[in-house]
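Student: Can you keep this structure in mind? I'll have questions shortly.
The values are calculated or read from the model by the stated rules, or taken from the named source; none is laboratory data. Predicted model only: the values in this text are computed from it and were never measured. Ideal geometry is used to build each Cβ from the backbone, glycine not excepted, and the neighbour counts take in all protein chains shown.
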Amino acid sequence: MLEIDGLTKRFGPLTAVDDLSFTVPPGKVTGFLGPNGAGKTTTLRMALGLTRPTSGTATFDGRTYQQLPAPMRHVGAALEASSFHPGRTATDHAAMIAAGAGIDQARCAQVLDLVGLGSAAGRRVGGFSMGMRARLGLAVALLGDPQVLLLDEPTNGLDPEGIVWIRDLLRHLADQGKAVLVSSHLLSEVQQSVDDVVIIAHGRLVHASPLAELAASAHENRTDVAAADPEALARLAQDQGWTLTTGPSGTVLVGPTAAEIGHAAFAAGIELHQLATQRGGLEAAFLALTEGQGDIR
Amino acid sequence: MNAYAQTLSMEFRKYFSTRTWWALLLVTVAWTGMNVAMMVFTVHFGGAEMDEDMFVPAGDDLARLLYSMGTTFGFVFPAIVGAMSVAGEYRHQTLTPTLLADPVRWRVLAAKFVSVVPLGALYAVAVIVGCLLLGAAPLALLGDATGLGDGQTWEMFARMVLAMVLWGLVGVGLGALVTNQMVAIVSLLGITMFLEPTLRMLPMLIGNDIPLLSYLPGALGDSVTGESMYTMLSDQTSLVSLGPAVLGLLAYGVVLTVAGYFLRFRKDVG
């Protein structure tokens, strides 16, 4: 189990990760979602001791990554797919890491076979495609048969067949009782394989729940409304017991259908200038949570 | 296996799993051998034209002086290997998987420092092979003394191994401090092959010995070897004795590595 508690990282005036807290429980696949630049990779790098947090902690069963006696047997991580010397073969790369982590050399061939690199094991990484590099990164993450897996955008560079394969693998690992965290900037990439979602934007937590809960909220009616007299509209929402929030394009009413709003506004004599049902579905709910929290920082 | 042995084993695997080590080894033999051979022929056929004021040794002494060119030209190779062992990890971003395998940073850097020792010895052997193949062999063919029957020559070879190992340590420190592989290698070459030789010419110009110059890294390396063509030809910086020379060059390696640890290696990766 990974526990992130109040994790914060500032780079000069820029706050990349802002008081972030969530847990990655065993036996589940947790999707770690947010637009590019939201702070996902920085969070993972802090959890792994590669980047020092400004404040807060990331612990695996109570210990930081550096405090684990055999870290790669407890935690497996695959970060960006470029961390290989191009002149080294896949087998040599795995063997070198296994040696450093105190893992039996025989395990290297096993994990390379597992990720489908068995026949390419003796080739230099310089000639590998992005997908093959992603698989090699995953193989190294699995070397120590860890209880916790942290995978940063594992589907990057994989072909559709590879994406299906990795989904099945993640499910299989979670079913074995492992805690699996998978980051992605696209909900659609992971929605078929995750149990829980943790969504961040601008380094802050914006949503954490089981995927089913996010899906349920996605089926609520959300309607963009603009009125000539916004205060009258707010009073109407209060009278009717509707939730009124502010979305990126203005006022949003959650609950009633567009027809119900139109009828009530007409009856109350409120002049409406806009009445538009938002696109539904998970992806829309995800975008609504992260929108306006742009990628440009 | 404990964590120290594991990390050390990882570092050795790094050296021997790319082609760099043996490509550099071949270059070491060829480059040092070629320079020694050139000096052998220059001295043999051009000896009479040398400056009369200059003290030119003969026999076994001359042979030793010629072999000492091995470190004069070969010292950069273990230093490059040492620098690449740290800076290469930044260049290829392999520092991330390395630190996931062993997240204790000082232990990783210490393993690099220790693992370069046998590597330095290996490159020293290459230098000596170059000296024998392209120095001793032509000397024998020309009918000159090879010095190989003299224990002093073998003692000097042993000191060359020591010098090369120490240069490997200096390289690790430079790589840790600079981290950019290209900048590390260029500054190594710039400092040792341009800046320092220029500084060492100063006493000749001002006609006064500058004792501090004996403690520049290249001068200390020459002192560890005990002979230096540089020193003889330009009649400048005096050598210091073996003990202080070893400690001095070791100090460069340690200080650079410790500085690199605190200023660079401990910092955020990625």
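Student: Could you look through region A:71-83, keep only residues that are modelled with pLDDT of 95 or more and at the interface with another protein chain (Cβ under 9 Å from one of its Cβ atoms), and pick out the one that is farthest from A:GLY102 (Cα to Cα)?
Tutor: In this case the residue turns out to be A:ALA77.
Student: Taking into account only those residues within region A:169-185 that are in a loop (DSSP other than H, G, I, E, B) and touching a residue at least 40 places away in the same chain (Cβ under 8 Å), which is surrounded by the most Cβ atoms within 10 Å (Cβ to Cβ)?
Tutor: Ranking the candidates gives A:LYS178 first.
Student: Of A:GLY241, A:GLY281, which residue is surrounded by fewer than 14 Cβ atoms within 10 Å (Cβ to Cβ), at positive phi and out of contact with any strand residue (DSSP E or B) (no Cβ under 8 Å at 6 or more places or on another chain)?
Tutor: From the options A:GLY241, A:GLY281, the qualifying one is A:GLY241.
Student: Separate question: Under the condition of being at the interface with chain A (Cβ under 9 Å from one of its Cβ atoms) and of a type in the set (A, V, I, L, M, F, W, C), which residue from region B:75-110 is surrounded by the fewest Cβ atoms within 10 Å (Cβ to Cβ)?
Tutor: Out of the qualifying residues, it is B:VAL104.
Student: Got at least one residue in region A:112-129 being free of Cβ contacts under 8 Å to residues at least 12 places away in the same chain and either closer than 30 Å to A:GLN274 by Cβ or surrounded by 18 or more Cβ atoms within 10 Å (Cβ to Cβ) (or both)?
Tutor: No, region A:112-129 contains no residue that is free of Cβ contacts under 8 Å to residues at least 12 places away in the same chain and either closer than 30 Å to A:GLN274 by Cβ or surrounded by 18 or more Cβ atoms within 10 Å (Cβ to Cβ) (or both).
Student: For region A:260-278, which residues satisfy the criterion of being surrounded by fewer than 12 Cβ atoms within 10 Å (Cβ to Cβ) and of a type in the set (A, V, I, L, M)?
Tutor: Scanning region A:260-278 gives a single hit, A:ALA267.
Student: Just for helices (runs of 4 or more DSSP H) wholly inside region B:86-202: which have at least 2 residues that are under 30 Å from A:ASP104 (Cβ atoms)?
Tutor: Filter on region B:86-202 gives B:95-101, B:105-131.
Student: Sticking with this structure for a sec: What is the residue count in region B:1-14 for residues that are more than 10 Å from chain A (Cβ to nearest Cβ) and buried (at least 19 other Cβ atoms within 10 Å of the Cβ)?
Tutor: Residues in region B:1-14 being more than 10 Å from chain A (Cβ to nearest Cβ) and buried (at least 19 other Cβ atoms within 10 Å of the Cβ): 0 in total.
Student: When you scan region A:113-121, do you find a residue that is more than 14 Å from chain B (Cβ to nearest Cβ) and under 21 Å from B:ASP268 (Cα atoms), even just one?
Tutor: Scanning region A:113-121 turns up no residue that is more than 14 Å from chain B (Cβ to nearest Cβ) and under 21 Å from B:ASP268 (Cα atoms).
Student: Same structure again: One residue is enough: does region A:49-57 have a residue meeting the conditions closer than 26 Å to A:LEU187 by Cβ, buried (at least 21 other Cβ atoms within 10 Å of the Cβ), at the interface with chain B (Cβ under 10 Å from one of its Cβ atoms) and touching a Lys or Arg at 6+ places or on another chain (Cβ under 7 Å)?
Tutor: yes
Student: If I ask for residues that are surrounded by fewer than 18 Cβ atoms within 10 Å (Cβ to Cβ) and of a type in the set (Lys, Arg), which ones from region A:58-96 would you list?
Tutor: A:ARG63, A:ARG73, listed by residue number.
Student: Follow-up. Report yes if some residue within region A:12-27 is among the aromatic types (Phe, Trp, Tyr), out of contact with any Cys (no Cβ under 9 Å at 6 or more places or on another chain) and within 14 Å of chain B (Cβ to nearest Cβ); otherwise report no. Steps first, answer last, please.
Tutor: We begin by selecting, within region A:12-27, every residue among the aromatic types (Phe, Trp, Tyr); these are A:22.
Right, trim to out of contact with any Cys (no Cβ under 9 Å at 6 or more places or on another chain) and you get A:22.
When the remaining residues are screened for being within 14 Å of chain B (Cβ to nearest Cβ), the result is none.
No; the residues of region A:12-27 include none that is among the aromatic types (Phe, Trp, Tyr), out of contact with any Cys (no Cβ under 9 Å at 6 or more places or on another chain) and within 14 Å of chain B (Cβ to nearest Cβ).
Student: Answer yes or no as to whether A:PRO230 is within 27 Å of A:GLY6 (Cβ to Cβ), out of contact with any helix residue (DSSP H, G or I) (no Cβ under 6 Å at 6 or more places or on another chain) and not small (Gly, Ala, Ser).
Tutor: Criteria not met by A:PRO230.
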